[in-house]
Structure formats: C-alpha cells, structure tokens
Amino acid sequence: MATDPLRTETFDLVIIGAGSAGLAAASAAADAGVERILVLEKEDYPGGILLQCVHNGFGLHRYKEELTGPEYAERALNESNKRGIDLRCGAMVLKITPEKEIHYSGEKYGYRLARGKAVICATGADERTRGAIRIPGDRPTGVMTAGLAQHYMNLDGYMVGRRVFILGSGDIGLIMARRVTLEGGKVLGVAELMPYSNGLARNIAQCLNDFDIPLYLSHTVREIRGKKRLEQIVLARVDENFAFVPGTEKTFDVDTLLLSVGLIPSNRLLTDLGVRLHPKTGGPVVDETLQTSIPGIFSCGNSLHVHDLADFVSSEGENAGRSAARYVLDGADTPTGDSPVIRTEPGAGIGYLLPSVLHTDRTEEFLLKFRVRKPYRNVVLLLKQNGKLMKKVKKPYLLPAEMENLRLTREELPEPSGTLTLEIADE
Amino acid sequence: MNKPKLPAEMICIVCPRGCRLRVDEEMNVTGNACPRGAAYAKTELTHPTRTVTSTVALSESAIGRVPVKTSAPIPKEKIFDVMAEIHRCGAAAPVACGQVLIKNVLGLDADVVATRTVKS
Amino acid sequence: MNRPAEQVRESYDVVIIGAGVIGAAAARALARYRLRLLLLDRESDVGSVTSAANSAIVHSGYDPTPGSLKAKMNVVGNRLFPELCRQLDVDLKMIGSLTLAIGDEQVPIIEELAGRAAQNGVPVEILNRDAVLQREPNLTPEVRSALFAPTAGIVNPFELTIALAENAVQNGATLRLNEEVTRISPRPDGSYTVMTGRGAYRALAVINAAGLHADTLANNALAELGRPADYKIRPRKGEYFVLDHFDPEFLHHTIFTVPTEKGKGILVSPTTHGNYLVGPSAEFTDRKDDFATTDETLAQVLASAQKLVPSIPTRQIIRQFAGLRAVEKRGEFVIDRPAPGLVNLLGIQSPGLTACFAIAEEAVELLREDIPLEENPDFNPVCRPRVRLHRMAPDERAKLAAEHPSFGRVVCRCEDVSEGEIVDAIRRPCGATTVDGIKKRTRPGFGKCQGGFCQPQVVKILARELGKKPEEILLKSQGTEILLEKIGGANGD
C-alpha cells in the first residue's frame, strides 16, 4: 500500500468538544496567539447540548440579551469561524495517549491521530440514568432521561409521551415539563427528592406554575409498573434521611417517566489517561489555569463541573483557552513540585470548591467556583487561609441550584501557602 | 386587562437570577435586583406575557426540525393559540437564524422566527 | 379429545419451540442433518427471556449433586464450550472461579465441594488465604480458603444464543419470531400440529424448549394423548446489579459464595464486556412475567456481595435487572421423550447455559428413533466473524474505516461501537430488529449512559435498514415503541 491509512497530524492545541466550552476555548486560544488549533466534535453539527435547548434564557451575562440555545451556539460558532479554526464534526475521540496523541474516528475522516502540544477536554456531562439511581420495578419502555426526551422532541421532532411524570426538578426536567405541555402532552407532576427544588426559581415559575403542574418536594419514585409500555408509577414521600415514609404512596397512571436526576461530568478519556478526579464534582482536579494533574491537559465546562448557565461555561472555556495558549506559547508554564501552592477546601455548607490548587506566582486574579449544599438566606461567606479570615462576603441568598463565583485578587492572598477554606456562617 | 390582586409576590423570570418580587397596593415593586424586574412585575400583574419557543418541521435538509421563537413576548393566554400556528407552519432549508417564518402571528405584534441557521 | 380445527400452513421435520439458548442450541445441533427445521419464539428476538438475564457463567461443575443430570450435562457442556465458541465466534474467557470460605465454619464446606468436584470429574484446587488474596487483592480479608476451579469461564450469553440461531438459519433452519405457540397437538399419524397465534404447522417431531412455559405445553400435549403429566415450572427470580467497566484489574475470576439450598448463592464476576455483575438473589415468584427488581432484595444482594468483595464501588452501578430461572418442581433438568416425536427440554435452570451444547446433543439422540438423521454434507459450523472494532489495533481500524466509512462512524461513545457494526448486526442472518437487539449484538446502550447518547442514532439506523418509520422501532418486544407520533400532527412529515 502506498499510503499509511493511519494519518497523524500535528497541532498546537486540540480541543475535544464543540459545545459552549470548547468553542469559547478555541476562540480565546486563537486570540491569545495559538495558530494551529483543531476542534473535534462527535456530533454532526457543532453546538453541543445547546442545539436541543430550544428554550430561551441563554446569553444574558455574555451578550446582554436573551437567546435560545441554538442562537447562543450559533454566536459561539461564528466567533470560532471568524478566526478560521479547524472544526471537524462527526469525529469521535476514543483515546488520549500520554504523548497527547488524540485517536479519533469519523465517517469523513476515518481513524486518525492528532498530536497536540496541549489538549482541552470540553466533553460535557452525562445524565444520571435509572440504573444509577436504582429505581425499582419493571423495565418497560417509556422511561428515559429528560435530555434524551429533549433530543427526540427538539431535534428529531417526535412526541415521547402523552401522560408524563418527571422525576427530578433539575432545569432540564422543568424545561421538559413545559415542552411536553406545549406539544399537547399532560404532565402530571414533578417530584424532587430534596426538600427544595434543584432548578432555577424562574423555571419553577414559568415551566410549572404557568401550567399548574404540581411539584412534589421530598418525594421520589418508589416503583415502576408496566410490562411493555410504562403504565404506572408509585410516588412516595421521603424523610430527612431519604427513607420512604410508609403510607404516603400515590400512584399515577402515566405512559412516560422522564428523569432529570443530575448530570455527571463525562471524563472517560481523562480517567483512562490517569488524570486525578475530584471526589465531589466528578470532574478532574484542576488548578487556577484549569490544568489537570497531567501538564498540558486542561478541562472546562460541564466536564469539569456541572454549570447552571451556559454563559459561565463559555467564560470558563475562555479561561482554559488562554491557559492552554500560555502553555503552548510560553513553553514550560508547568507547575513544578516546589512551586508555591495554596490548596482549597470546602468548609461548612459548601458542596465543592474549585479550583483545588492555586499557584499565587502565576496569576493576578483567581475565580473560585462553588456550590452550596442546601438553600441559605442572609448569610456570610467566610474565606479563611490557614484558619485566618481573609475575606467576608454577604449573601442575601444561596441556592444549591446555582453555581456561585467568588473573585479574589492576589493582594487578598499574600501568603502563598497552606489551605484556603470557604464556609458559610450566619450573618 | 386584569385587575391585579395586591399585594402580590412572584418570582422574576426575566433572567436566571430569579429574584423574589413583592408588589404593594400602590404597585411599588421591591426585591428586584434590576429595573427589568420592576417592569416584569407590573406586566405580570396586568397583562402577563411569555416568549414561546418550539420547533418547525424542516424539509430539504438532513436536520428534520428548525427551532423557532416568538420575536417578542406574547400574551400568556395566547400561548396555545400560537403553538397551533407553529404546528401549521413548515419550512424548507436553507433557513437563516432570525428568518421570519410566520409574520405577525395572530396579529400579536410578534413574528415566529427561526433560531438556527440550516444550510440546504 | 377436543382438537381445534386447524389450517396447517407448512410442514417441518422438527419444530423447536423456544429460541432461548436451549432451543437455539437444539436447532443448531439438528441443522447438521438433512431436516426441515422451524425455530419459533414469541418474543421479537432470540434469547430474550432467561437466556438474556442470567449470570453468564460457564460453570466448572463442582456444585451439582454427583450422578445427577445437572452434573453430567454441566461437565460435558463445559468441555464443549471452547471449541464451539470458536466456531460460532462467541466471546468466551475461561477465567476460572473462586468459591470463598468466609469464616472458619465455611472451611469444611469448601472441602466438601472439592470432594464433589472429584466425583464429578472437575479439576479444582483448594487455595489458602494468602494464595487467594494474592490472586484477588480486592477480596475480603475475612476469607479463609477458596475452591479454585480453573475450568470455569464467562461467556457473552446474548452472543451465544444469537450465534446458535444464526448458524442454524445459515444452515437452512427457518426462524419465526413474534409467534407464540399455544398448543402442541398430537395427530393420529404420530406427527404433531404446532398451533401458534398465527396458524398451525405440521411437525414429525417437536422439541419443547419453551422455557418458563414449557410445562403447560407438555402437560396439554400429553393430556391429548390421554397420558396426564404433571410437569410444573415455578420461576425463581434472580436480581442483579451491573457495574461499569471501571477497572479491568478489579477482579480476575468469578467469585462465588458457598452454595446454599437455594442455589449457587451470590457471585461477583467480570463479564466478557469488561463490566462486573453482582447477584443473583433467589426468590420464588408465582408470576412468569415478574421481572421487577426491588429495593429490599437488591440491598440484600449488595450486602452479601460486599461480604466477598467489600470495596464494590456502588458509584459504578449502571443497571439492575431480574431474570427468572425455570425451576421444575423436581429441581432437576427434565430431558425426556414422553411420547414418540416429542422431546421436552424443560426445567433448565442453572447450570443450563453451561449445559446447552450437551442438552442439544441429548435432544438429537432422543429424536434418533423418531426421525431419520441423515448427515447434511453442506453443514457449515462456522459463523462469519463479527467485527469488534474496539479490540482492533488503530492501523487495522484505519484500514477498515478507509474501505468502509461506516466503520469510521462511532455511534456509541461509552462502548466504542461503529455504525458499520450496527448495520452488520441488522443484516446478518437472525439480525437485530429492535434497539435491545442491537444492544445485545454490538453493545450500544450497555455503557454508562445506558443509551442516552446513542439511542436516537440506533433508532435511525434501524428504521433506515428495516424500511420502517422511527416511531415503529421497538425497544424490545412488541408494544414497546419508543417514540409516539411526529410533533405537530399533519405538518410533521
């Protein structure tokens, strides 16, 4: 044979995923001077999950106007196209080697290798499934994740159910409650295991309250019934330890159960490579540059931690793009064993805190991101370094559904060592 | 126009922040983090409106649906009437993002526009 | 005798009722002869019930009572596996099993099992604690000793049944799915009428491998001959957990608890897909369609499994399922010929999967008196190899994708499956017609996302290949459509 079918191409930066994180990372890296950038997208069209999010509410932070998901994706794509970035769709990445060789495969490209000086993983998140949360009962058709239902309805144009119940009050579940209702389905209710909603307040208002769809807090599905198609679900109340309360069972005759029970960062490529994962987020452990435990490999977007707003995903993508650019252009911007670091730790009331490591000699400003464990009103955030209070921020409310940002300047962290903790206290 | 029942409380849906708004007997709005919240509260109590988003069947393309929205909020009670109009509508590629697919839907001073560019 | 009027559609030499692993193995064994064969199943795919929900173990045979039919079939069947799986291109790994004694009181049980193994002719070895933990560091430190059975293995049970049916069809057998047999009626001439929901067939001989429902068919047929029989199958449910393929080094063998009177007890085992299987429970149920899992039972399963492997990562659980073992009231396999031309293969519970080849040979022998068995010189025992891209080297994949671009298009991200493999699974003899059929043949939907990403693609490919609309595509059996109508009614098309 004249040509080797296994082609290898060389790039400065390879970005995996052309959703809001990947596209923003590509544009930012190009602006920072990186020339040979390749973006690989598994789907046939760029935009990621935004393409199926046909509802509005995107872009208020970034573009100061309210856009639908596809419109937001189109802006991000236009930005990257303007910069002439090499974007390949229908290209599934299968493996990243320690030499940063990316194995990918596509109908158009065949099986190929792309070598990058740096790699950004922006591979999004998976939905938790029925199996992951172990709902007991039969295994009929008509039980699916809300995102899959959204795909079928919004991209393929099919109804997935007539009488629908939704488990989980995450935003996708709430959005789908409205979507099903608008298309003529009947949504009998939304159940949430926690005593508070996991979705944005405005989605409770405009997706449930507008259509008189009841929200059952502290409830979950006890049993699924149906031999072929789903016929019935049994809902029951749970106590503060999430144990079923006997006698609170209610049955609903439904043909469809949609699950909106959480997203898990999708990181098989990184775990196969041996990248260290964060115990709480399910994403990799990163420093302030969003670099993972392997130098030159960066992470952003929902594959780093699950975001509430696409706008924040984009800005995180830009951060990763700029960091990767510094890595590519300045060479060894790699933390060494003796580089001074501050470790971060979530304190009382904080679910997780990112980044896990801060290098104070490299950046002027740090952006801490975190989520709280339960809803709070009128509290203060206390930022302590080695037990000493460094910063205090008043918060009228804090909700687990929302990702919080906290900006810090280097001046606020004069001590380049030890542990930084964030905790919630009463005002 | 409805006569609002006051005082009232509501969650602002203008942006993802979701402010809890309170409106007193004199229609004074508190709890809003921005002026849009006050405007929202007054509209919501007198003539509530919503932007409707959906999809339209698309021919001449490998993509079977094109997403759409109303170019401006429409009265809340007209949501299902607008959905029926959207169901009656079809489009053929190419479609440009922002392209009007239904002009002045039901005379509500809003168009139904495509929200994605699809080449043929 | 009340014989319903029937219109015989076609005549066959042998009609095999039930395309589970036993029926499919019997069909394939009979395909070596010049016979007109019909394999019938009421489900939309072969191997859909018990053959699709079991432990997927090729048992070594140390456990069944010496001298029993189970013991004989197990040991003979086990020996046939490697060669037949090679011919059929079925995934098989002879990884060996470890049966653990936990606590001093179980040490004598291991010794007793070793004695039984010797009687059954099964090679085993008793390992001490250190030797066990050296082989499997993730086992409980409470382990005292273990019975190591090197001839135990794991098989892909879906692939096995499918390959058997495929090979039978390839060699001339007719396969009809979605066709439920309602009655086996003896005819005055000694042949049988097999009545189904769609009509009737004439058969010189019938093999009843109808799984959970084989008792009723056998009893009714014999009643018509004026020879009442009392076969009775009571399903015993087994509930399982499936873990993702998170670490190939987590376990290397199938790990068993010591057996109890209810069965082999709980096991934790790698699967040929690299996942881990935890289960099964063993509770009788009176409903032959009860495949529901329950919190209570699965909690017990997990607790028992954690006594073997304390560090089972529950975060890696991706699925639960339940299977029904077809337990005949005598607790033994029933392989008999109660009337000329009628062979029952019923009550085939564990180790039925292991025994399938041996049982099929028994069935052939039982029929030898009733029908002429003339060798088929054209019989081809080999299935065309399946493409398994995820195991191919990059340059091989590149070459294949360059020749056939559909092998470049990866549809399933979790399990790395291409469109080319899915299309092949549809187009092969005994091809997939449902989403679960694709999953059982080529794995999309088996992974962590459970089809969340790939299912729309799989539905589209099935619709295109079968000339159907996406809303007609089934998840599994009839009546399990995934999609309803197009949105927006009339303008939807």
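The values are calculated or read from the model by the stated rules, or taken from the named source; none is laboratory data. Model, not experiment: these values are computed from the prediction. As a convention, Cβ positions derive from the backbone with ideal geometry for all residues, glycine included, and neighbour counts pool all protein chains shown. In case anyone asks, the SASA skips ligands and DNA or RNA and just uses the protein heavy atoms, side chains included. Shrake-Rupley method; radii C 1.70, N 1.55, O 1.52, S 1.80 Å.
From helices alone, chain C scores -9000 deg cm²/dmol at 222 nm; the rule is -39500 (n - 2.57) for each run of n ≥ 4 DSSP H residues, then divide by the residue total. Measuring from centroid to centroid over Cα atoms, what is the spacing of the stretch A:42-64 and the stretch C:423-450 in Å? Each part's Cα centre sits 31 Å from the other's.
Only bridges whose two residues both fall in the protein assembly as shown count here: according to DSSP, what percent of them are antiparallel, nearest 5? Walk me through the numbers on the way to the answer.
Details: 132 of 197 bridges.
That works out to approximately 65 percent antiparallel.
Rolling a 1.4 Å probe across all protein chains gives A:R75 an accessible area of roughly 80 Å². Summed over the residues of the stretch C:54-95 and divided among them, the accessible surface reaches 38 Å² per residue at a probe radius of 1.4 Å. A cut-off of 5 Å between modelled amide H atoms, ignoring neighbours fewer than 5 places along the same chain, links A:E43 with A:G90, A:A91. Taking the DSSP bridge list for chain C and keeping only pairs wholly inside it, about 70 percent are antiparallel. For chain C, the relative contact order works out to 19 percent when only alpha carbon pairs closer than 8 Å and six or more residues apart are counted. With all pairs of different C-alpha atoms in the average, the Kirkwood value for the hydrodynamic radius of the stretch C:301-418 is 20.0 Å.
Put C:S68, A:S314 in order of accessible area, highest first, and with a 1.4 Å probe you get C:S68, A:S314. Residue ranking by accessible heavy-atom surface, 1.4 Å probe, largest first, among A:E223, C:E83 comes out as C:E83, A:E223. Of the whole protein surface, C:V382 contributes about 70 Å² of accessible area at a 1.4 Å probe radius.
For the stretch A:1-111, state the average projected area of the convex hull of the C-alpha atoms over all orientations, rounded to one decimal in nm².
8.2 nm²
Taken per residue, the accessible surface of chain A reaches 37 Å², heavy atoms only and a 1.4 Å probe.
Annotation for the stretch C:65-88 versus the stretch C:315-389: alpha-carbon center distance of 11 Å. Looking at chain A, send over the antiparallel percent of its DSSP beta bridges, to the nearest 5. Here the antiparallel bridges make up roughly 60 percent for chain A. Counting only protein heavy atoms and a 1.4 Å probe, tell me what percentage of the stretch C:246-361's accessible area is made up of carbon and sulfur. For the stretch C:246-361, the apolar C and S fraction of the accessible surface comes to 54 percent. In the stretch B:8-47, inverting the average of 1/r over every pair of distinct C-alpha atoms gives 9.7 Å as the Kirkwood radius.
Dividing the convex hull volume of the alpha-carbon atoms in the stretch C:389-484 by its residue count gives 94 Å³ per residue. For chain A, the longest principal axis of the C-alpha atoms and the axis of helix A:171-182 are separated by about 50°. One compactness figure for the stretch B:36-114 is 1.20, namely its Cα radius of gyration divided by 2.2 N^0.38 Å. Counting heavy atoms of the protein chains alone, C:H245 has an accessible area of about 50 Å² for a 1.4 Å probe.
Which helices, taking whole DSSP H runs in chain C, have alpha carbons extending 15 angstrom or more along the helix axis plus mean Kyte-Doolittle at least -0.5? Walk me through the intermediate numbers first.
Values: long enough: C:69-88 (26 Å, -0.01); C:107-120 (20 Å, 0.14); C:157-170 (19 Å, 0.59); C:214-224 (16 Å, 0.01); C:295-308 (20 Å, 0.11); C:352-367 (22 Å, 1.31); C:455-466 (16 Å, 0.15).
What comes out of the filter, once short or polar helices are dropped, is C:69-88, C:107-120, C:157-170, C:214-224, C:295-308, C:352-367, C:455-466.
What's the angle, to the nearest 10 degrees (0 to 90), between helix B:79-88's Cα axis and the longest principal axis of chain B? Its long axis makes an angle of about 0 degrees.
As an exercise, use a Förster radius of 51 Å and the Cβ-Cβ distance of A:T97 and A:R225 to find the FRET efficiency, rounded to the nearest 0.05. Show your work: numbers first, answer last.
Values: r = 48 Å, r/R0 = 0.94.
So, using R0 = 51 Å, E works out to roughly 0.60.
Average projection, convex hull of the Cα set of the protein assembly as shown: 46.8 square nanometres. For chain C, the list of Cys residues with no other Cys C-beta under 4.7 Å reads C:C85, C:C356, C:C383, C:C414, C:C430, C:C449.
With a cap of 15 neighbouring Cβ atoms within 10 Å, and only residues DSSP puts in a loop, list the GluC sites (Glu not before Pro) found in the stretch C:389-492.
Working: sites: C:E396, C:E403, C:E415, C:E419, C:E421, C:E465, C:E471, C:E472, C:E481, C:E485; in loops: C:E415, C:E485.
Hits after loop and neighbour filter: C:E485.
Cysteine residues of chain B whose Cβ has no partner cysteine Cβ closer than 4.7 Å: B:C15, B:C34, B:C89, B:C97. Against the main long axis of the alpha-carbon atoms of chain A, helix A:310-329 sits at an angle near 20°. When the GluC sites (Glu not before Pro) in the stretch A:230-334 are filtered for DSSP coil states and for at most 15 other beta-carbon atoms within 10 Å of their beta-carbon, the remaining sites are A:E240, A:E249. Summary of the geometry: the stretch A:225-267 and the stretch A:120-158, compared by the centres of their Cα atoms, lie 14 Å apart. Does chain A classify as rounded, prolate or oblate by the C-alpha gyration tensor (a ≥ b ≥ c root eigenvalues; a/c under 1.5 gives rounded; else a/b over b/c gives prolate, otherwise oblate)? Oblate, because a/c is 1.5 or more while a/b does not exceed b/c.
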